[in-house]
Amino acid sequence: MTRNPVQRLFDWKVRGIRWIEIIGVLLVAAMIFSVYVAKAAAARESAQIAQLEREIAETRQRVRLLRAEAARLEQPARLEVLSRSAGLAPVEMERQADGVALSTLKPAPQPVPVAAPVEVEPATAEATADASSVAEGLR
């Protein structure tokens, strides 16, 4: 009698238990373990997503507060009070210059601070004189 090789696999027993049953139990255990690992990973991802959503909500709240603060600080009435308390006022119309007159306006001359004379060695005196003549040529 020739038996089918698959039939022999189903009939092969070890201490009264078929090998196919042992393989089936091992496969079920592997699937249970893989489901457990997948659920743990999903729980970690869910916790991370919840944390990110909390951070996003906090950041949105902070942005709203900062925008409200900026709007309060930029109020024209508040800025006018601050500028008047600092001694600033709007420019009068007759003091404004048009585009043609801008080239004739010059800033007021600033006083040049005078430093104490410094003694210079003769070799560096020439270099200093050359540098000062170049600086005057740029003016």
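Scanning the range 66-80 for residues being in a helix (DSSP H, G or I) and either in contact (Cβ under 8 Å) with a residue 60 or more places away in the chain or open to solvent by 100 Å² or more (accessible area, probe 1.4 Å) (or both) gives a total of 4. The residue list VAL35, VAL63 contains one member that is under 30 Å from VAL6 (Cβ atoms) and either open to solvent by less than 100 Å² (accessible area, probe 1.4 Å) or in contact with a Ser or Thr (Cβ under 7 Å, 6 or more places away or on another chain) (or both), which is VAL35.
The values are calculated or read from the model by the stated rules, or taken from the named source; none is laboratory data. These figures come from a predicted structure and were not determined experimentally. Every residue, glycine as well, gets a Cβ built from its backbone with ideal geometry; the counts of neighbours run over all protein chains shown. SASA here: full protein model, heavy atoms, side chains in, ligands and nucleic acids out. Shrake-Rupley method; radii C 1.70, N 1.55, O 1.52, S 1.80 Å.
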